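The values are calculated or read from the model by the stated rules, or taken from the named source; none is laboratory data. Because the structure is predicted, anything quoted here is derived from the model rather than measured. So basically every Cβ, Gly included, is an ideal-geometry build from the backbone, and we count neighbours across all protein chains shown. Ligands, DNA and RNA are excluded from the accessible area calculation, which covers all protein heavy atoms including side chains. Shrake-Rupley method; radii C 1.70, N 1.55, O 1.52, S 1.80 Å.
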Amino acid sequence: FYSLIIASALVIVCFITFFYVRLLNESISDNTISSISEIAEHDKEAIQSSIEVYWEELREIYERLKLHECNTIQKAEERMSMEGAPGKFLHVCLLAEDGTVYTDTCKTYIPRNNPEDGELDLLKCFANNENKVIVRFDDQFRKGKLPKENILYGIRLENYRLEGKKILALIGISGVSSIQDNMVIDSFIKNGETRGHSALVDMKGNYIVDINKEVYQNDQNNLYVHLSESEDSELTNQDVSKKLLNQETFCFYHTHVGERSRELFYFIPFEEDINLYFIMSV
């Protein structure tokens with residue numbers, strides 16, 4: 001009889017302990033997600049403001065092109081060469097509706113199937129009728145030189161022509177630091193160890209700024225490759241892709257191969273015209 005009472009008491013204690021630990025873990029998880037969401041929203045807004053500054057710079061350059069009556073290719077290229085050096089961009093160029101590119105180095109080219117020396121097809125940046133674009137743009141075609149990590153900013157133009165040819169967009173190229181400097185990439189530091197990281201990815205999962213601050217060259221680092229190495233994940237790559245396309249804010253746990261602890265991923269989209277996602281992982 002007493003053994004039965006003791007056994008029953010132990011079972012009750014085990015159940016209470018189990019549910020207490022479960023509630024405690026849920027509380028810790030909820031608090032962590034709440035903290036991450038606040039930090040992520042703040043960081044996202046800072047990055048978004050920075051991106052808007054670069055687009056506004058392009059608008060101002062466009063207004064000056066019109067102000068100085070740059071209606072010939074020569075005048076436009078000369079004006080762009082003046083705008084690039086003191087401003088926020090390493091290079092500035094105009095993109096015609098037929099794909100022709102007019103650069104600030106007074107070089108005009110039509111992209112070929114096998115691009116060399118940076119002669120890239122920029123029309124694909126506006127393939128979905130975007131009015132403003134921001135994409136990763138690593139210069140991988142500089143002969144004899146190391147590639148550079150860059151960001152391409154672009155704005156669509158209306159009613160602007162050069163020598164009768166309609167100009168589709170004004171584009172500025174800036175170093176990746178134009179975004180990276182506005183991000184707190186490492187966070188949640190405990191006992192000298194970084195427990196959290198931030199990153200930017202495009203809608204295909206390609207990193208704009210890498211979660212581990214890696215400098216990759218001639219290789220595109222991708223979120224889905226990282227997630228594919230999971231031992232256990234609450235979402236599949238297909239689930240994540242669908243949520244990105246739907247512009248959802250979401251989070252999930254993921255256990256990476258060779259790691260001792262679970263990793264929480266928090267995804268938050270940017271506002272309209274910025275087709276990127278901010279990620280924070282802890």
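What the table below lists for this structure:
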{"quantity": "His68/Met203 FRET efficiency (R0 25 Å; Cβ-Cβ; nearest 0.05)", "calculated": "0.10"}
{"quantity": "Candidates Leu122, Leu24, Leu162: whichever shows maximal mean-square fluctuation once the chain is modelled as a Gaussian network with Cα springs under 10 Å", "calculated": "Leu24"}
{"quantity": "Placed amide H near His256: partners under 5 Å, 5+ positions off or other chain", "calculated": "Glu231, Glu263"}
{"quantity": "Accessible area expressed per residue, the chain, with surrounding protein chains retained (probe 1.4 Å, Å²)", "calculated": "56 Å²"}
{"quantity": "Sorted largest first, extent of the range 222-282 alpha carbons per principal axis (Å)", "calculated": "38, 21, 18"}
{"quantity": "Calculated FRET efficiency for the pair Met82/Asp273, C-beta based, R₀ 45 Å, to 0.05", "calculated": "0.95"}
{"quantity": "Selected from Ala46, Ala76, Ala127 as most flexible by GNM, with the chain as the system and alpha-carbon contacts under 10 Å", "calculated": "Ala127"}
{"quantity": "Neighbour net charge for Asn71 - beta-carbon separation under 12 angstrom, K R +1, D E -1", "calculated": "+3"}
{"quantity": "Convex hull projection area averaged over all views, the chain, Cα basis, nm²", "calculated": "19.6 nm²"}
{"quantity": "Apportionment of accessible area to carbon and sulfur, the chain, percent (1.4 Å)", "calculated": "51 percent"}
{"quantity": "In order through the range 171-182: 3J(HN,Hα) via Karplus (6.51 cos²θ - 1.76 cosθ + 1.60), integer Hz, x for Gly, Pro", "calculated": "10, x, 10, 10, x, 4, 5, 4, 9, 4, 5, 9"}
{"quantity": "Table column - 3J(HN,Hα) (Hz), the range 260-268, Karplus curve with 6.51, -1.76, 1.60, x for Gly and Pro", "calculated": "8, 10, 6, 10, 9, 9, 10, 10, 9"}
{"quantity": "Residue pairs, from the table Lys75/Lys166; Lys204/Lys242; Lys66/Lys166; Lys75/Lys165; Lys124/Lys242, whose Cα atoms sit over 19 Å apart", "calculated": "Lys124/Lys242"}
